[in-house]
Structures are given as C-alpha cells and as structure tokens.
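To start, the structure under review is shown below, and the notes come after it.
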Amino acid sequence: MVPTAGIFGIHSHTASLAVVLVLAVLAVIWLALVYYTWADARRRIADGVLVACATLAALFPFIGTLVYTIVRPPEYLEDVHERELEIEAAQARVDQLGMRACPHCSNAVEREFLRCPHCLQKLKDACVNCRKPLDGDWRICPYCETERELEPAAASSYRRQRARRDPQETMVFPPPSDLI
Ligand SMILES: [Zn+2]
Ligand SMILES: [Zn+2]
C-alpha cells in the first residue's frame with residue numbers, strides 16, 4: 001500500500017484534520033491578537049505611525065503582541081486627558097480659594113495670611129490702622145490710606161535696609177519714625 005502524503009507527514013485522515021483545525025484556531029487567535037493590538041494601541045498611543053508600527057509588530061505571530069503588551073504605554077489616552085483635566089480643575093479651585101504657595105516652605109497658604117501656619121515665617125505686614133494684609137512693596141495701605149512707614153515693623157525693616165545700605169547715614173540722619 002502506497003502511503004498518501006499528509007500534513008507534516010501525518011497519514012491518518014483524522015489526525016491531519018485535527019492538525020488543520022488547530023492551525024485554523026491558531027490563525028484566528030493570531031488575527032484576533034493583531035486586531036486587539038491595533039485597537040489597544042489606538043487607545044494608548046496618539047501617534048498614528050507608532051500605532052501602525054505596533055500593529056505591524058503584532059503580525060509576528062503571538063510574540064509581537066506579547067512584546068507590545070510589555071512596552072505599551074501604561075495608560076489610556078482618555079485617562080491621561082482626564083487626569084490633566086482634574087489637575088487643571090484642582091488648580092482652578094486653588095486659585096479660586098485665593099491660595100498660593102508659601103515662599104519659605106511651599107505649603108498652600110491663603111493670600112491674606114500674615115504668617116505661614118506651617119513654617120511660621122512672616123508673609124505680609126498688617127496695616128497698623130485697619131489690619132488688612134499689605135504686600136511687601138506697598139508704601140501706603142490701599143484700604144485706609146495709612147502711610148506704610150508709620151508701621152513699627154515696616155519702619156524697623158526700613159531701618160534695617162538703610163543700615164545695610166549705609167550704616168553711617170542711619171546713625172546721623174535717622175528717619176523720623178525712629179524718634180517714636
Ligand atoms: Zn511656610
Ligand atoms: Zn489700612
């Protein structure tokens with residue numbers, strides 16, 4: 001009896017049918033993986049060229065998709081976008097609350113704070129008359145028009161500045177507030 005040639009040298013009709021079925025299933029899984037890689041890459045990668053590269057890599061049966069799942073970006077684009085929106089919203093909330101970062105310790109402090117509650121550093125001087133917080137370089141209180149130099153803290157810092165600039169001048173001609 002002359003043996004008929006079968007797939008991979010298998011001669012039994014049932015066995016070769018089984019091999020064909022297995023190969024067909026593997027081919028279907030492979031095509032599904034190529035599609036999965038393409039669909040997944042589109043959700044994770046913004047660059048169309050990279051999506052095409054990932055899909056081409058997946059054409060290499062099974063290994064391509066495996067490598068893709070190892071090196072793919074960990075997040076979906078929509079999650080990245082959502083997180084960016086959340087950060088923007090949080091920033092807007094912080095701005096709306098009138099918060100800023102303490103220049104000494106970077107903790108969030110309100111714009112009106114006179115002293116940082118975290119590191120206790122002085123942030124602003126209070127107006128001697130109305131107690132409103134004043135920015136460092138304001139020469140008068142914009143709320144009640146009290147002159148800034150009359151304030152003891154500001155005057156002493158003014159004295160310190162002058163002393164630093166010219167120690168002798170301060171001694172000879174002290175500013176009027178020094179006489180108080
Ligand atoms: Zn602080
Ligand atoms: Zn004032």
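The values are calculated or read from the model by the stated rules, or taken from the named source; none is laboratory data. Remember, it's a predicted structure, so these values are computed and weren't measured experimentally. When the accessible area is computed, the model is the full protein with side chains, heavy atoms only, and any ligands, DNA or RNA have been set aside. Shrake-Rupley method; radii C 1.70, N 1.55, O 1.52, S 1.80 Å.
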Calculate one ³J(HN,Hα) per residue across segment 67-78 by plugging θ = phi - 60° into the Karplus curve 6.51 cos²θ - 1.76 cosθ + 1.60, and present them in order as whole Hz with x for glycine and proline. 4, 4, 5, 6, 9, 5, x, x, 10, 6, 4, 5
So, taking all protein chains as they sit and a 1.4 Å probe, how much accessible area belongs to TRP138, in Å² rounded to tens? 90 Å²
Can you give the extra length, in nm with one decimal, that the chain gains between ALA27 and ILE140 once fully stretched, where that is 0.36 nm per residue apart less the Cα-Cα distance? 32.5 nm
Other-chain or far-sequence residues with amide H under 5 Å of ILE140's (modelled H): ARG148
Whole-Hz couplings from phi, Karplus 6.51/-1.76/1.60, listed for segment 16-22; x for Gly and Pro: 5, 5, 4, 4, 4, 4, 4
With a 1.4 Å probe and all protein chains kept in place, how much accessible area does GLU112 have, in Å² rounded to the nearest 10? 110 Å²
Using amide H atoms built 1.01 Å from N in the peptide plane, name the residues 5+ places from ASP125, or on other chains, whose amide H lies under 5 Å from its own. LEU134
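Subtracting the Cα-Cα distance from 0.36 nm times the residue separation, let me have the gained length for ALA15 to CYS53 in nm, one decimal.
Values: separation 38, 0.36 × 38 = 13.68 nm, distance 3.80 nm.
Length difference between fully extended and current span is 9.9 nm.
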